[in-house]
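Asks: Structure incoming, see below.
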Amino acid sequence: MFRPKIPTMPTPTGQVTPPVVVEPTTVVPAAQTPKPAPVAPAPSRPTIQLTPGTALALVGGGTAVVLVVGAVLVSMLLAVAITGASVAVCAVVLRSLLASETKRR
């Protein structure tokens, strides 16, 4: 029941085709084409003008992100602290119960 069943490799049935022989081909160089004239590079990206309104929006958005991430991290830390404290209380109660059980005998 607990022994693994190893599958057997199936044997091929029917006609098996022999491997195909690939013959090498000769490489013929193409006619030389003239190089195109160099093109002037386009600017990589346009300059962005920051108005006071967009700067204020960026600062507000960054502040909101920092506050949300901070709240999440603090709540996770609080959850870990509460869990640790409850485990410690359970350990003290169990130790007390076991100690009182050994004193009765």
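Asks: Consider Ala79 carefully, then state whether it is among the small types (Gly, Ala, Ser) and surrounded by 10 or more Cβ atoms within 10 Å (Cβ to Cβ).
Replies: yes
Asks: What's the total number of residues in the stretch 45-59 that are surrounded by 10 or more Cβ atoms within 10 Å (Cβ to Cβ) and not hydrophobic (A, V, I, L, M, F, W, C)?
Replies: Residues in the stretch 45-59 being surrounded by 10 or more Cβ atoms within 10 Å (Cβ to Cβ) and not hydrophobic (A, V, I, L, M, F, W, C): 1 in total.
Asks: Of the residues Ala91, Ala79, Ala99, which is under 28 Å from the mean Cα position of the chain (by Cα) and not charged (D, E, K, R)?
Replies: Every option except Ala79 fails the conditions.
Asks: Now for a separate question. Could you please tell me which pairs satisfy a Cβ distance under 6 Å, a separation of 6+ or placement on different chains, a first residue in the stretch 74-90 that is free of Cβ contacts under 8 Å to residues at least 12 places away in the same chain, and a second residue that is open to solvent by less than 80 Å² (accessible area, probe 1.4 Å) and assigned to a helix (DSSP H, G or I)?
Replies: Sorted first by the residue in the stretch 74-90, then by its partner, the list stays empty.
Asks: Does Lys5 satisfy the condition of being at pLDDT 80 or above, of a type outside the set (S, T, N, Q) and loosely packed, with under 10 Cβ neighbours inside 10 Å?
Replies: The answer is yes for Lys5.
Asks: If you go through the stretch 28-74 one residue at a time, how many are among the polar types (S, T, N, Q) and either assigned to a helix (DSSP H, G or I) or at pLDDT 95 or above (or both)?
Replies: Count: 2.
The values are calculated or read from the model by the stated rules, or taken from the named source; none is laboratory data. Note that the structure is predicted; figures quoted are calculated from it, not measured. Counting neighbours? That spans all protein chains shown, and the Cβs are built from the backbone with ideal geometry, glycine included. Ligands, DNA and RNA are excluded from the accessible area calculation, which covers all protein heavy atoms including side chains. Shrake-Rupley method; radii C 1.70, N 1.55, O 1.52, S 1.80 Å.
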